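S.K.: Have a look at the structure that comes next, please.
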Amino acid sequence: MKILPDEPRGQGSGRSKGRGGRHKGGRRPRLGRFFAHGDLRFLILKLIDGKSRHGYEIIKAIEEQVAGAYSPSPGVIYPTLTLLEELDWIRGIATEGSKRLYEITSDGSLALKANRTTVEAIFARMVEVSEAQVDHGAPDKGSTGGVAMAPRLRVALDDLTRTIEQRLAGDPPTKDQIGAIVAVLSTAVAEIERG
């Protein structure tokens, strides 16, 4: 069993998406880097402690913890899950299709306890970021033609993009698959225009 001690906090490798725009008072709250080196593995452990999750659910849980201010990419989450499996801190269980459900192991629970201070600091930082998002309204001027975008809407758009990418990953999509996705999107566009 490998248990790593609490690590010193500092500038990490996780990055804010830096969602532009201005907040009340003309300044965007300073989010900085989200995670110090190694923080993500403890965050993931804590998120699956007591509740098994798919990789996508972990991404969503992190987004929700910070009110949409940050979304880790699958290219960050899945290698970290692989590392945690190699450390024997989690185990992946095959489920429907290519999805894997991750659950914490007894070694993972021990690692979580041994790094309790780090875990508490990570979640305290996430609460701070979430409160800053809520307090300042988290407006965003991105690719929506200058329209301020609420965090919930940004998360929903990210979900849509990610879902389509996952659905079309692997073998080239058939005409029927593309047609079905286009039909759903066209219906959504019509509903939004009517709303």
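S.K.: Assuming R0 = 25 Å, can you tell me the calculated FRET efficiency for the pair Phe123 and Ile93, based on Cβ-Cβ distance, to the nearest 0.05?
M.R.: Numbers: r = 26 Å, r/R0 = 1.03.
So the FRET efficiency works out to roughly 0.45.
S.K.: Sticking with this one: Looking at segment 49-113, which GluC sites (Glu not before Pro) are DSSP coil and have at most 16 other C-beta atoms within 10 Å of their C-beta? Intermediate results must be reported in sequence, preceding the final value.
M.R.: Values: sites: Glu57, Glu63, Glu64, Glu85, Glu86, Glu96, Glu103; in loops: Glu96.
When the GluC sites (Glu not before Pro) of segment 49-113 are filtered for loop state and at most 16 Cβ neighbours within 10 Å, Glu96 remain.
S.K.: Trypsin sites (Lys or Arg not before Pro) within segment 81-118: which are DSSP loop residues with at most 15 other Cβ atoms inside 10 Å?
M.R.: Values: sites: Arg91, Lys99, Arg100, Lys113, Arg116; in loops: Lys99.
Qualifying residues, ordered by number: Lys99.
S.K.: How about Lys60: which aspartates and glutamates have a C-alpha closer than 15 Å to its C-alpha, ignoring those fewer than 8 places off in the same chain?
M.R.: Of all the aspartates and glutamates, those that pass the test against Lys60 - Cα under 15 Å, at least 8 places apart if same chain - are Asp158, Asp159.
S.K.: Per 0.36 nm of contour for each residue apart, how much would the distance between Ala114 and Glu131 grow if the chain were fully extended, relative to their Cα-Cα spacing? Mind dumping the intermediate values first?
M.R.: On the way: separation 17, 0.36 × 17 = 6.12 nm, distance 2.79 nm.
My answer for the length gained is 3.3 nm.
S.K.: Next question. To make sure I understand, if each residue's beta carbon is the centre and we count other beta carbons within 10 Å, what order do Leu84, Leu47, Leu160 fall in, fewest to most? Provide the component values of the computation, followed by the final result.
M.R.: Details: Leu84 25, Leu47 18, Leu160 13.
Going from least to most buried by this count: Leu160, Leu47, Leu84.
S.K.: Another question, if that's okay. Using the beta-carbon distance between Leu185 and Tyr56 and R0 = 22 Å, what value does 1/(1 + (r/R0)^6) give for FRET efficiency, to the nearest 0.05? Walk me through the numbers on the way to the answer.
M.R.: Working: r = 20 Å, r/R0 = 0.90.
Calculated transfer efficiency: 0.65.
Values in this text are rule-based calculations from the coordinates and carry no lab data. Only a predicted model underlies this, so the values are computations on that prediction, with no experimental measurement involved. Please note: Cβ atoms are built from the backbone with ideal geometry, for glycine as well, and neighbour counts cover all protein chains shown.
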